[in-house]
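These notes are about the structure you will find just below.
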Amino acid sequence: MYGNRLAGRKLTLLRWSYPPQWWADLLKRTGFVDIDARVLPAPRPTDVGTLMVRASAPK
């Protein structure tokens with residue numbers, strides 16, 4: 001991560017990283033339905049993928 005968007009010196013950031021199933025369980029416990037949580041692969045196998053989570057509010 002860079003200090004000024006994509007410019008400036010690089011910064012180390014600490015972040016929480018939970019697996020897809022953790023997010024799916026959280027959404028289910030809070031009442032959401034039709035939950036899909038997955039990691040989409042990065043273009044390069046050595047890079048980190050993107051977490052995508054989708055859920056619907058019950059009708």
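Computed from the coordinates by the stated procedures, all read-outs in this text should not be read as laboratory data. This one's a predicted model, so the numbers in the text were calculated from it and none came from an experiment. A quick note on method: Cβ atoms are made from the backbone with ideal geometry, for glycine too, and the neighbour counts reach across all protein chains shown.
Return the pair list, or none, for Cβ contacts closer than 7 Å from residues in segment 32-57 that are among the hydrophobic types (A, V, I, L, M, F, W, C) to residues that are assigned to a strand (DSSP E or B) and loosely packed, with under 10 Cβ neighbours inside 10 Å, at least 6 apart or on different chains.
Met52/Leu40
In segment 5-59, what residues are part of a strand (DSSP E or B) and β-branched (Val, Ile, Thr)?
Val33, Ile35, Val39, Thr50, Val53
Sort out which residues of segment 20-51 are touching a helix residue (DSSP H, G or I) at 6+ places or on another chain (Cβ under 8 Å) and among the hydrophobic types (A, V, I, L, M, F, W, C), and write them in order of number.
Answer for segment 20-51, where residues must be touching a helix residue (DSSP H, G or I) at 6+ places or on another chain (Cβ under 8 Å) and among the hydrophobic types (A, V, I, L, M, F, W, C): Ile35, Ala37, Val39, Leu51.
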